[in-house]
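In what follows, a structure is listed as structure tokens, so that the remarks can point back to it.
The values are calculated or read from the model by the stated rules, or taken from the named source; none is laboratory data. Given the structure is predicted, the values throughout are model-derived calculations rather than measurements. Here the Cβ positions follow ideal geometry from the backbone for every residue, glycine too, while neighbour counts run over all protein chains shown.
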Amino acid sequence: MSTSHSHHHARAATLLALVLLAACADADANATAGNDSARASVANATDVTADPVSVTLASPADDLSAATIVATGTFASRDEIPLGFKIGGVVHRVLVDEGAVVQRGQVLAVLDLREIDAAVAKAQVQVDKATRDQARLLRLVADSVATTVQLQDATSALDAARADLASARVNREYATIIAPEAGTVLQRQVTPGATVSPGGSMFVLGGARRGRVLRAGLPDRDALRVQAGDSATVHFDALPGQRFAGRVVLIGRSADPRTGTYSVEIALRDADHLPSGLVGEARVHLRDTFRARGAANDRGMAPRTLPADALLEADGDSATIYVLRDAATVSAAGDSTWTAARQRVAVLGIDGDRVQVQGVAADARVVARGAPYVTPGTRLRVVAANPSTRGTRP
């Protein structure tokens, strides 16, 4: 097992233990007087004269949207394009500042063109001379005064001069920085009068063509569970109370060598007005990962969610639940009581006060509130239903 997996399992086990401890404390604080007398029945579960334990029930939820992965990342343009001059020179003009919104084809900065224009003019002169030399040799060869080799040399010289002219013109073209697409100037690192080297980054342009994303890193276990198209909810500490809907648009195929995490990009809606660089937290809602795992389960039980207070006796990635038996006992007064059976389930993850588990049937009636006071054989009275309980059965 990898170090990442070991850390994940250790963290999940610790979180689950804390959740179960809180659930037990909550049960102690909210136990009724009837539960106080029920503690005596726990000591002797076969004593049918003991008062029944009052419990609530919960039904396993199939809502896969409850399965989430939390990640922290930085909001930025999906494409951040460094822009610079192809050749060195002295900066003549800078026409935009950092933060400016620009359009495709807009001029951002220009070098002093005097030296560059002189190089273009010199190359043009060489082309003109080579053109004349070739024309003269064509006449001389026709008169048998010059040789074919001399004509070939003149033609080669003309071709070389034309290539030099084309190169000079390209250099002049790239002596001006032009926005390759619409976007926002994220960085400006040049001022008029500065002498710059070829290829240096003068601007960083946040391109608008592919939008902006929250870019986060996920450990390998989580990266394998996320799929392109999964929905997400993002909030930023700098914007309390605001939530932005998004969708996963890219999952990295190789890990960052420094952090060992996989890059995930989440495109946000209605977030174009936000500045780049904001740190946000994303909750990615998984769609089909748990369903696929459930199909492979040899018991045919897909992963489901339960309230945290239904789980007891956490041990690594598993825990105990109590499932109500179908048969009820009816007293002379007409009251119905049940007993429950212990069952071990695999714990897949924790999301707030819900726990994703595997190994429980969809129609199971799971003891929730009051579970710490239940043992096999304890008589149970269902006093309330958990909000997630379905159907009319207790």
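Regarding T195, is this residue loosely packed, with under 12 Cβ neighbours inside 10 Å, within 43 Å of the chain's Cα centre (by Cα) and either assigned by TED's automatic domain parsing to the domain that holds A100 or closer than 15 Å to L83 by Cα (or both)?
yes
When the stretch 255-264 is examined, which residues are found to be farther than 8 Å from A216 by Cβ and either part of a strand (DSSP E or B) or small (G, A, S) (or both)?
Listed by number, the residues that qualify are A255, G260, Y262.
Being of a type in the set (S, T, Y), surrounded by fewer than 15 Cβ atoms within 10 Å (Cβ to Cβ) and within 28 Å of V204 (Cα to Cα) is the filter here; which residues of the stretch 132-186 pass it?
Matches in the stretch 132-186: S167 only.
Of the conditions (1) at pLDDT below 90; (2) under 19 Å from R78 (Cβ atoms), I266 fails just one. Which one is it?
Of (1) at pLDDT below 90; (2) under 19 Å from R78 (Cβ atoms), only one is false for I266: (1).
Among the candidates A319, A346, A333, A327, single out the residue that is assigned by TED's automatic domain parsing to the domain that holds V53, out of contact with any Lys or Arg (no Cβ under 9 Å at 6 or more places or on another chain) and outside any loop (DSSP other than H, G, I, E, B).
Result of the check over A319, A346, A333, A327: A346.
Looking at this structure, is I87 surrounded by fewer than 21 Cβ atoms within 10 Å (Cβ to Cβ), at pLDDT 90 or above, hydrophobic (A, V, I, L, M, F, W, C) and more than 30 Å from G277 (Cα to Cα)?
For I87, the condition - surrounded by fewer than 21 Cβ atoms within 10 Å (Cβ to Cβ), at pLDDT 90 or above, hydrophobic (A, V, I, L, M, F, W, C) and more than 30 Å from G277 (Cα to Cα) - is met.
Given the conditions (1) within 30 Å of R287 (Cβ to Cβ); (2) surrounded by fewer than 17 Cβ atoms within 10 Å (Cβ to Cβ), report the number of the one that L57 does not fulfil.
The number of the failed condition is (2).
On the basis of being among the charged types (D, E, K, R) and loosely packed, with under 14 Cβ neighbours inside 10 Å, does D272 make the cut?
Against the criterion (among the charged types (D, E, K, R) and loosely packed, with under 14 Cβ neighbours inside 10 Å), D272 qualifies.
Of all residues in the stretch 332-353, which are of a type outside the set (D, E, K, R), within 17 Å of S54 (Cα to Cα) and surrounded by 11 or more Cβ atoms within 10 Å (Cβ to Cβ)?
S336, T337, W338, T339, A340, A341 - these are the residues of the stretch 332-353 that are of a type outside the set (D, E, K, R), within 17 Å of S54 (Cα to Cα) and surrounded by 11 or more Cβ atoms within 10 Å (Cβ to Cβ).
Looking at (1) at pLDDT 90 or above; (2) in contact with a Gly (Cβ under 9 Å, 6 or more places away or on another chain); (3) not polar (S, T, N, Q), which one does L278 not meet, given that it meets all the others?
(2)
Specify the residue that is nearest to D317 (Cα to Cα); the eligible residues are those in the stretch 349-394 that are part of a loop (DSSP other than H, G, I, E, B), β-branched (V, I, T) and at pLDDT below 85.
For the stretch 349-394, the residue satisfying everything is T389.
Can you find even one residue in the stretch 173-186 that is among the charged types (D, E, K, R) and assigned to a helix (DSSP H, G or I)?
The answer is yes, given that some residue of the stretch 173-186 is among the charged types (D, E, K, R) and assigned to a helix (DSSP H, G or I).
Tell me whether the stretch 214-235 contains one or more residues that are surrounded by 18 or more Cβ atoms within 10 Å (Cβ to Cβ) and under 18 Å from L113 (Cβ atoms).
Checked against the condition, which is being surrounded by 18 or more Cβ atoms within 10 Å (Cβ to Cβ) and under 18 Å from L113 (Cβ atoms), the stretch 214-235 yields no hits at all.
Quickly run through the stretch 198-222 and pick out the residues that are over 19 Å from I81 (Cα atoms) and either modelled with pLDDT of 90 or more or not in a helix (DSSP H, G or I) (or both).
Passing the criteria: A216, G217, L218, P219.
Are there any pairs with C-beta distances below 8 angstrom linking a residue in the stretch 200-219 that is on the phi < 0 side of the Ramachandran plot and in contact (Cβ under 8 Å) with a residue 60 or more places away in the chain to a residue that is of a type in the set (K, R) and crowded, with 19+ Cβ neighbours inside 10 Å, with the two at least 6 apart or on different chains, and if so which?
Pairs found: G206/R212.
Name the one entry in R225, R172, R188 that is at pLDDT below 90 and not hydroxyl-bearing (S, T, Y).
Testing whether each residue is at pLDDT below 90 and not hydroxyl-bearing (S, T, Y) leaves just R225.
What about A121, is it of a type in the set (G, A, S) and over 30 Å from A161 (Cα atoms)?
In short, no.
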